[in-house]
Amino acid sequence: MNQISKTEQILKEVIQYNINIAAISEIRWLGSRIEPLQDGYVLAYSRHENRRQAGVGVLMSPAAKRAILKWTPVNKRIIFT
């Protein structure tokens with residue numbers, strides 16, 4: 001998932017199928033953070049700090065985002081909520 005257009009494609013399908021939480025692998029973005037997307041959706045991701053490899057993310061609807069009190073990026077393969 002190295003291109004923004006792929007994020008938009010996944011978000012479109014999540015909205016279409018009314019999915020609240022979607023796990024995503026191979027994020028390949030640097031660092032760990034919560035990225036705001038359109039319509040109140042967010043993508044929390046964790047990956048390697050220096051290389052564009054691996055990475056894991058959780059795409060959340062606005063309702064799911066409100067239910068998550070805390071998230072902790074552990075490493076490029078694990079996010080703990």
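The values are calculated or read from the model by the stated rules, or taken from the named source; none is laboratory data. It should be emphasised that the depicted structure is a prediction, and the values quoted were computed from it without experimental measurement. Here Cβ is always computed from backbone atoms with ideal geometry, including for glycine, and neighbour counts include all displayed protein chains.
Numbers below:
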{"item": "Pairs, first at positive phi in region 12-26, second part of a loop (DSSP other than H, G, I, E, B) and modelled with pLDDT under 90, C-beta under 9 Å, six or more apart", "result": "E26/M1; E26/N2; E26/Q53; E26/A54; E26/G55"}
{"item": "Qualifying positions in region 57-81 - modelled with pLDDT of 85 or more and not in a loop (DSSP other than H, G, I, E, B)", "result": "G57, V58, L59, M60, P62, A63, A64, K65, R66, A67"}
{"item": "Cβ pairs under 6 Å, 6+ apart, first in region 59-74 and without any contact (Cβ under 8 Å) to a residue 60 or more places away in the chain, second assigned to a strand (DSSP E or B) and surrounded by fewer than 14 Cβ atoms within 10 Å (Cβ to Cβ)", "result": "T72/F80; V74/F80"}
{"item": "Answer residue from region 10-43, given it is part of a strand (DSSP E or B) and in contact with a Gly (Cβ under 9 Å, 6 or more places away or on another chain) and is surrounded by the most Cβ atoms within 10 Å (Cβ to Cβ) among those", "result": "L43"}
